[in-house]
Amino acid sequence: MGKTLRKNNQLTSLFDMEEGYSLTQAVAEADRCLLCHDAPCSAACPAETDPGKFIRKLRLRNLKGAVRTIKENNILGGICAVVCPAGRLCEEKCSSTEIDRPINIGKLQRFLVEYGWQIGFNPLLKKPANGAKVAVVGSGPAGLACAAALSKEGCEVTVFESARKPGGVLRYGVPSFRLDGDFTDREIKDVAALGVKIECGSPVKGRGAVENLLKKGFKAVFVGAGLPAPYKLNIPGINLKNVTTATDFLKAARAGNREKISRLVKNKNVAIIGGGSVAMDAAGTCKALKAAKVYCIALESMRELPAYKDDWLMAVDNGIIIKPQCRVREITGKGGAAAGVKGVETVWKKPGSCLPSNAKDVPGTEFSLAAGAVIIAIGSGPDRGLAEMMPKVKLTGRGLIQVDKKTLATSAKGIYAGGDAARGPALVVDSVADGKKAAGSIIGFLKGAK
Amino acid sequence: MRDLSIEFCGVKFPTPFLLSSSPVSNTAEMIARGFEKGFGGVSYKTLGGENTKIVHPSPRMRSYDYGGKKVIGVQNVEMTTDRPLKDNINDIKWLKKNFPKHAVIGSIMGFSKNEWRDLALTVEDAGVDMIELNFSCPHMSVEGSGMKVGQAFELVREFTRIVRETLKLPILAKLTSNVTDITEPALYAKEGGADGITAINTVRGLAGVGLDDFVPSLNVYGKGAISGYSGPGIKPIGLKCVVELAKKKELGLPISGCGGAETWMDAVEYLLCGASTIQMTTGVIRYGHRVVEDMCEGLSDYMDEKGFKGVKDIVGKALPNIHETSAFDVSRQGAASYDLDRCIGCGQCHIVCQDAGGQSLGWDSKKRRPIPDDEKCYSCMICSFVCPVGDPPVITFKDIKGKKPSIAAPIR
């Protein structure tokens, strides 16, 4: 796929997604695997990926079988391999960490999925059509996983996506240097190959629109609407020009006017407010767009930083300055546009909580930074139109979709939900797990309804 | 999954993969688990005469490692079963009752003529589908047994004949590679009435010697011995023997291939060389029964890819391409070819060409790249063995039209 080998973790452009393993490298890495009994890595995956098995298959040169093991379980096995914080999941549990470094499970998984694509091997089989039509709202990881699982069971699945291209957060929230459009397209092709219809530019909106799907011949609906609405910060200067959110910034870098977004940060200092992986993604994107100094200002200490270690290490390797345990009090302006931030260092009032309300300013540590652009990366929340789209479905106090944890059924019959829209910010792999789980429930529901 | 069944000596095997007569086929309980994972049959651990008590040395095995690679071979001193005959017979009966579609082969080794006959009748009574005569264990402590029989061809014929006259079940003769030409004892076995050949048993070897105590590293309380060596390292010997047997026109018997198979690719190689079933032990010692899951899945995918309808269609496919070296067309010559754009400059190719090859490969020390010379290169290809870059390999063989055979130049 024409990827580059990333030397010393350096980002050179927005598009240099890291190169995957070659067969030789993958076999060498698989040779290090201890092939554990009751493999702990396999127990650590939220989506039930079985590295213990696919690595053994690779080791014993059963390569197609290894691809089968991954893809039969997780239709987005390639994407998960790329975006998963494996160091916190399967690789953390790897027995090899007791004697050496863990096996690079993510890269092995990515290699196998790409190998399958390369040789044109698609292991996925579909059961005969069962005549049931199911609608999926949103083509993010939860929606795609649910659609694929339902289609394999013989359902006729239509995915409704408001954006121009499918993928949701995978396409518009993750920078290309982590997961590029080609890779995403290729994996979504596997979903489409199962017969899933993905209708882009087809938002489900308006009063009762989700519930109306049930009246239009769909026997069940899965809502995987994600968390598209970025949280804003209530501080002076928030409405100045050149102040944006990470969600909008990353989306623009992926799909918008790239010249405009480049102008926003090129040769300027950029202050990013937030210490999560999305903040690091925004910071990396700024660097790739030739920003001058890039700061990530986080309330947490380095040890508590919500970003995955690989992500903040990459930021640091690319010269991004992380300012831990700081709070921005004000965005300063000049001529109506952002000119800098004023902040102060903080300590926690009580240990054990990283909530803003637990932070206490430290007098005498006030600072100000010159910044021609400010990006707010403090998370995002659910679509505020959810209540209108599905009035019969109960929402939580935070505006998330309320679901039965075991079945992912909402309060309305035939409507299921999962992924970030139901559980709040979570991993891609958690959303995949939800999509699969909901598909299982929907199949049960359809059988019961007959 | 494809139908992987194959008929071998008139017996149907659900898959061509067998647990061989060895520590991995010692009890019904372990064999049953192997069957569930995909083994299509078993050659049950060799039963010996009850009059000779087998006591095994301790320890029994030793791994042969290479660098970071574990178990590229195993040296062992296992002999025939040390369990009571009664227990083994009950186990065989239980297996046949619970796995009627799987093939159970009774492996036997008599220590006298009468014992061959008695053991044959006993395992027949237990309900085995076939008999395998063990003429090949290379380290029996019982005088005049195992490999010693396999090296005395008349005894191979005589013991096979005794069993043949005793029963009608298909008979396999399991032969040793520790002979000059394995087809000789095979022909004797055929004369005695064998229906098929199992080849090979372990090869005699010595895995290592302790540098401090001077005792071989399969160290049985201060003593070592030459004994059976198995595993991936002996696969080339196993394949060779299978080919020799398969190509021997006067023989014409089906073959159960054995020796170092671990992956489905190894198994396919055995099939291509003329084996109809593949037996294994060391692969199971290294990985457990799960290896056979990958053998079944891999074989099935291979058959899909190549359009083979049945396993039998693969058997012997390579034989027409295996010749005596005198048949090679030496008028055609080539050289090693280098994709220098992908070279990483480690220089190992240059070292080995200078010290062990044709001394043809130069070295640009500024660019850190080899300088090939097609004329001088005599295509030993050792440079390609050590090149670390793959997918596709940087160093490959290329034909050079009109090239004359290269000869190393004399010293000036």
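Answer with one residue from B:Tyr338, B:Ser365, B:Ile395: the one whose Cα lies farthest towards the positive end of the charge dipole of segment B:329-400, charges on Cβ with Lys, Arg +1 and Asp, Glu -1.
The Cα lying farthest towards the positive end belongs to B:Ser365.
If you count the DSSP beta bridges with both ends in the protein assembly as shown, what percent of them are antiparallel, to the nearest 5?
Details: 45 of 105 bridges.
For the protein assembly as shown, the DSSP antiparallel bridge percentage is about 45.
How much of the DSSP beta bridge set in chain A is antiparallel, as a percent to the nearest 5?
Working: 20 of 51 bridges.
Counting DSSP beta bridges with both partners in chain A, the antiparallel share is about 40 percent.
Enter the angle in degrees (range 0 to 90, nearest 10) between the Cα long axis of helix B:28-37 and the first principal axis of the Cα atoms of chain B, meaning the one along which they spread out most.
Result, in degrees: 50.
Could you work out which residue, out of B:Asp301, B:Asp341, B:Asp195, moves most in a Gaussian network model of chain B, that is, has the largest mean-square fluctuation with Cα springs under 10 Å?
Evaluated over chain B, the most mobile residue of the options is B:Asp341.
Over all directions, the average projected area of the alpha-carbon convex hull for the protein assembly as shown comes to how many nm²? Present the calculation step by step, with values, prior to reporting the outcome.
Details: hull surface 189.5 nm².
Mean projected area of the Cα convex hull: 47.4 nm².
Give the Rg/Rh ratio for chain B, taking Rg as the radius of gyration of the Cα atoms and Rh as the Kirkwood radius, to two decimals.
Numbers: Rg = 24.1 Å, Rh = 23.2 Å.
Here the Rg-to-Rh quotient is 1.04.
Relative contact order, percent, of chain A when contacts are C-alpha pairs under 8 Å separated by at least 6 residues?
Numbers: 970 pairs, mean separation 76.5, N = 450.
Taking the mean separation of contacting Cα pairs over the length of chain A, I get 17 percent.
Take the Cα atoms of segment B:329-400, find their three principal axes, and give me the spread along each one in whole Å, biggest first.
Principal-axis extents of segment B:329-400 (Cα, largest first): 37, 26, 17 Å.
So what's the Cα pair-distance distribution over segment A:230-380, bin width 10 Å, in %?
The percentages, shortest bin first, are 12, 44, 36, 8, 1.
In chain B, what % of DSSP beta bridges are antiparallel (nearest 5)?
Among the beta bridges of chain B, antiparallel pairing accounts for roughly 45 percent.
Using the 10 angstrom Cβ neighbour count as an exposure proxy, how do B:Trp94, B:Trp264 rank, fewest first? Can you show the working numbers first?
Details: B:Trp94 17, B:Trp264 26.
In increasing order of surrounding Cβ atoms, one gets B:Trp94, B:Trp264.
I'd like the distance separating the alpha-carbon centroids of segment A:119-171 and segment B:16-32, in whole Å.
44
Return P(r) of segment B:165-294 (all Cα-Cα pairs; 10 Å bins starting at 0; whole %; ordered from short to long distances).
Reading upward from the zero bin: 13, 37, 29, 17, 4, 0.
Which whole-number percent gives the relative contact order of segment B:338-412, counting Cα pairs below 8 Å spaced six or more residues apart?
Numbers: 95 pairs, mean separation 23.6, N = 75.
Dividing the mean separation by the residue count of segment B:338-412 yields 31 percent.
Please give every one of the lysines within straight-line cross-link reach of B:Lys247, meaning a C-alpha to C-alpha distance under 30 Å, and leave out same-chain neighbours fewer than 8 residues apart.
Straight-distance partners of B:Lys247: B:Lys12, B:Lys45, B:Lys148, B:Lys168, B:Lys174, B:Lys190, B:Lys235, B:Lys306, B:Lys309, B:Lys312, B:Lys317.
Compute the long axis of helix B:235-247 from its Cα atoms, compare it with the longest principal axis of the Cα atoms of chain B, and write down the angle in degrees, 0 to 90, nearest 10.
70
Using the 10 angstrom Cβ neighbour count as an exposure proxy, how do B:Val386, A:Val403, A:Val204 rank, fewest first? Can you show the working numbers first?
Working: B:Val386 16, A:Val403 25, A:Val204 21.
So the ranking, lowest neighbour count to highest, is B:Val386, A:Val204, A:Val403.
In nm², what is the average projected area of the convex hull enclosing the Cα atoms of chain A?
22.5
Give me P(r) over segment A:324-450, computed from all C-alpha to C-alpha distances, binned every 10 Å, as integer percentages.
11, 26, 22, 20, 15, 5, 1, 0
Specify, per residue and in Å³, the volume enclosed by the convex hull of the alpha carbon atoms belonging to segment A:74-123.
On the way: hull volume 3.9 nm³, N = 50.
Here the figure is 79 Å³ per residue.
Within a 10 angstrom radius of the beta carbon, how do B:Tyr338, A:Tyr231 rank from fewest other beta carbons to most? It would help to have the intermediate numbers written out before the result.
Details: B:Tyr338 21, A:Tyr231 15.
Placing the least packed residue first, the sequence is A:Tyr231, B:Tyr338.
Taking loop as defined by DSSP and a crowding limit of 15 other beta carbons within 10 Å, which GluC sites (Glu not before Pro) in segment B:159-264 fit?
Within segment B:159-264, the qualifying GluC sites (Glu not before Pro) (loop, at most 15 other Cβ atoms within 10 Å) are B:Glu250.
Using packing as a proxy for protection, rank A:313-324, B:173-184 so that the peptide with the highest average count of other Cβ atoms within 10 Å comes first. If you can, show how the numbers build up before the last one.
Details: A:313-324: 18.4, B:173-184: 20.9.
Averaged packing, sorted descending, gives the order B:173-184, A:313-324.
Between the helical axis of A:141-152 and the dominant principal axis of chain A, each derived from Cα atoms, what acute angle in degrees is found, rounded to the nearest 10?
Its long axis makes an angle of about 10 degrees.
Run through segment A:224-322 and list the GluC sites (Glu not before Pro) located in a DSSP loop whose Cβ has at most 14 other Cβ atoms within 10 Å. The partial results should precede the final answer.
Details: sites: A:Glu259, A:Glu300, A:Glu304; in loops: A:Glu300.
Taking segment A:224-322 and a limit of 14 other Cβ atoms within 10 Å, no loop GluC sites (Glu not before Pro) are found.
Can you check what the net charge comes to around B:Met1, using other residues whose Cβ is under 15 Å from the Cβ of B:Met1 (Lys, Arg +1; Asp, Glu -1)? Write out the running numbers ahead of the final one.
Numbers: positive: A:Lys57, A:Lys64, A:Arg68, B:Arg2, B:Lys37, B:Lys309; negative: A:Glu72, B:Asp3, B:Glu36, B:Glu293, B:Asp294, B:Glu297, B:Asp301, B:Asp304, B:Glu305.
Taking every other residue near B:Met1 into account, the sum is -3.
For every helix of n ≥ 4 consecutive DSSP H residues, a contribution of -39,500 (n - 2.57) applies; sum these over chain A, divide by its total residues, and give [θ] at 222 nm rounded to the nearest 500 deg cm²/dmol. Let's see the in-between values first.
Values: 18 runs with 165 residues, N = 450.
For chain A, the value works out to -10500 deg cm²/dmol.
Kirkwood Rh, segment A:299-357, all Cα pairs: how many Å?
Working: mean 1/r = 0.0749 Å⁻¹.
Value: 13.4 Å, from the Cα pair sum.
Which whole-angstrom value gives the distance between the alpha carbon centres of segment A:202-225 and segment B:80-131?
67
So which lysines can B:Lys403 reach, going by Cα to Cα under 24 Å and dropping same-chain residues fewer than 8 places off?
Once the sequence-local lysines are set aside, what remains near B:Lys403 is B:Lys376.
Sequence gap at least 6, Cα distance under 8 Å: using those rules, report the relative contact order of chain B to the nearest whole percent.
Details: 899 pairs, mean separation 56.4, N = 412.
That works out to 14 percent.
Between A:Gly448, A:Leu112, A:Leu125, whose Cα lies farthest towards the positive end of the dipole of chain A when Lys and Arg beta carbons carry +1 and Asp and Glu beta carbons carry -1, centred on the Cα centre?
The residue sitting farthest along the positive end of the dipole is A:Gly448.
For segment A:9-52, how big is Rg over Rh, using alpha carbon atoms and the Kirkwood form of Rh? Present the calculation step by step, with values, prior to reporting the outcome.
Working: Rg = 14.9 Å, Rh = 13.1 Å.
Looking at segment A:9-52, the ratio lands at 1.13.
When the helix-only estimate is applied to chain B (DSSP H runs of n ≥ 4, each -39,500 (n - 2.57), divided by the residue count), what is the mean residue ellipticity at 222 nm, nearest 500 deg cm²/dmol? Don't jump to the answer; show the numbers that get you there.
Working: 12 runs with 125 residues, N = 412.
Using -39500 (n - 2.57) per qualifying helix, the result is -9000 deg cm²/dmol.
Bear in mind that the values in this text are calculations on the coordinates, not laboratory data. The model shown is predicted, which means the values in this text are computed figures rather than measured ones. Glycine gets a Cβ as well: all are built from the backbone with ideal geometry, and neighbour counts include every protein chain shown.
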